[in-house]
1. Got a number for carbon plus sulfur as a percent of the chain's accessible area, 1.4 Å probe?
2. Among 184, 135, 159, determine the one that fluctuates most according to a GNM of the chain built with springs between C-alpha atoms less than 10 Å apart.
3. Accessible area per residue for segment 66-130 in Å², computed with a 1.4 Å probe and the full protein assembly in place, what is it?
4. Which whole-Hz ³J(HN,Hα) couplings does segment 115-126 yield from phi under the Karplus relation 6.51 cos²θ - 1.76 cosθ + 1.60, θ = phi - 60°, glycine and proline marked x?
5. Please work out how many pairs of lysine residues in the chain are eight or more positions apart (or on different chains) and have Cα atoms closer than 22 angstrom.
6. Could you give me the ³J(HN,Hα) list for segment 27-35, computed from phi with Karplus coefficients 6.51, -1.76, 1.60 and θ = phi - 60°, whole Hz, x at Gly and Pro?
7. Using Cα pairs under 8 angstrom and six or more residues apart, how large is the relative contact order of the chain, in percent?
8. For the chain, set up a Gaussian network in which alpha carbons nearer than 10 Å are linked by springs, and say which option among 75, 21, 181 fluctuates the most.
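The values are calculated or read from the model by the stated rules, or taken from the named source; none is laboratory data. The structure displayed is predicted, hence computed values, not measured ones. Counting neighbours? That spans all protein chains shown, and the Cβs are built from the backbone with ideal geometry, glycine included. All accessible areas refer to the heavy atoms of the entire protein, side chains included, with ligands and DNA or RNA removed. Shrake-Rupley method; radii C 1.70, N 1.55, O 1.52, S 1.80 Å.
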Amino acid sequence: MEVSAIELLIRGRRTIRQFNEQPLSKETIVDLLEAAVWAPVHSRKEPWRFILFMEAGRKQFADAVLHTFSKDELERWGPKLQNDYCERIQAHLLIVIEADPRQREWEDAVGAGSALIQNIQLLAWEQKIGVVWKTNEYNFDPDFCRMTGVKPGERIIGTLHLGYFDQDKIPKPRPRTPARELLTCISAAGGEEQQ
Ligand SMILES: Cc1cc2nc3c(=O)[nH]c(=O)nc-3n(C[C@H](O)[C@H](O)[C@H](O)COP(=O)(O)O)c2cc1C
């Protein structure tokens, strides 16, 4: 059977951590977001908003990350990160969700937000734009949130770095466990498992 375009896209997408410096426009990212918001949502209210750092605005993001570092980390990683975050990586995108103390509402919002992030990753991959989805400690740091404009009562569910990348630097896939090994299928009366 011929493999569909969407299956090829899902299987072929890789997380990209090494970007090149080819410029990526705000319009391109906005177009990705306009399509990605068609993710499923389980509430009348779409739970997300986005904060994008590009061009000279990347310094604000880098400063907020570096602010969360210890003295040792700053010495070790500071100059490289400044360069990566302000020069090499074209865009940093925070996916922000309104916090909800009710477990089901919160999990629904994170679920919808995760679907949206995967939409972004797939749409970007189709255009040869790389993405890495990060849940680093700084996402949970109140100072980082304040310095990046995340409001009280909001939570970051993902920091995405976006940019173009060299096609010969696509990482090898981590193997996946075949789904059939993870599947319990009850297809007979009495709950007997069928192979
Ligand atoms: C919820 C979530 C959080 C992630 N957080 C990080 C992260 O903090 N840092 C990172 O380098 N990659 C992160 N990733 C990317 C994974 O490491 C990556 O998806 C995994 O290695 C599989 O690689 P692939 O996306 O190329 O298939 C995250 C992925 C998910 C789904």
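1. Values: 6570 of 12650 Å².
Of the solvent-accessible surface of the chain, carbon and sulfur hold 52 percent.
2. 184
3. Numbers: 3450 Å² over 65 residues.
Spelled out: the 1.4 Å probe surface of segment 66-130, per residue, equals 53 Å².
4. 4, 4, 5, 5, 4, 4, 4, 6, 4, 5, 4, 4
5. 16
6. 3J(HN,Hα) across segment 27-35, in whole Hz: 4, 4, 5, 4, 4, 4, 5, 4, 7.
7. Details: 262 pairs, mean separation 62.2, N = 195.
Contact order relative to length: 32 percent.
8. Sorting by GNM fluctuation, first place goes to 181.
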